[in-house]
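We did not get these values from a lab; they are worked out from the coordinates using the rules stated. Not measured: the values here are computed from a predicted model. Every residue, glycine as well, gets a Cβ built from its backbone with ideal geometry; the counts of neighbours run over all protein chains shown.
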Amino acid sequence: MGGANLADQNNKLLVIHNNLEKLLDSKREAMPTNFNKTRFLQNCMTVLQDTRDVDKCDPTSIARTMLKGAFLGLDFFNKECYAIIYGGVVQFQTDYKGEKKLAKKYSVRPVRDIYAKLVRESDEFTEEIKDGQQTVQFKPKPFNDGPILGAFAVALFEDGGMVYEVMSASEIETTRKNYSKQANGQAWTKSPGEMYRKTVLRRLCKNIELDFDTIEQAQAFEDASDFDMNKTPQPQQQSPLNAGAVVVDGEYEPVNENEAEQT
């Protein structure tokens, strides 16, 4: 990078820093308990220094995006959330571990543990309701890197109860196609497994009552979703989605009817 370009980037980062600091001060009452402004600012600027195309975005919009992480008490440096740039526009997204952190912290019904897992070909997965009690059993094949068949998420509560959600690969891909804000963005193309886990975990959270401390937190949580459920779904077409499919490295591979029945 040339000296002039580096100077321009440093100047823009300084503007972002100043804008973000002012926003943090003006929204002090909306911050979580024990929020550390100095550390948050330092971590944000460290991340932004290595963020591609940050110099092409409006500094104010970047500062407002980083502010959403502050509202939720998430750390960009620890990869609990991200400022993702799409075509010159910056968007806020939570990571899978950020979603877990928020569910455990803000659930009205205290959560003991919450997690999501991928189910791959050759793994053993069953779900059952017996005597009104729901259970899931999962026995993954060691070091399995086979095609992804689906994903599930489980929340275990302190009172001994549990809820879970299951989504097939084709269901997740249909949701991605119809409702993702960036269906072909870097998150989906580079880390499909992570997005599968986040998708099923976000759906599970719809069955968990979350009580945020402020309106700003609740809005930031909604903004962090990869999905816009108000989008008009695309017309269904005959494709591997309809015939049965598995996912390999984020891409569909059709399976024949016999294989689909076995899975």
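When 122, 107 are checked against the criterion of being over 19 Å from the mean Cα position of the chain (by Cα) and farther than 24 Å from residue 17 by Cβ, a single residue qualifies: 122. Of the candidates 51, 94, 135, the single residue that is over 24 Å from residue 203 (Cα atoms) and among the hydroxyl-bearing types (Ser, Thr, Tyr) is 51.
Scanning the range 81-134 for residues that are at positive phi and of a type in the set (D, E, K, R) yields a single hit, 131.
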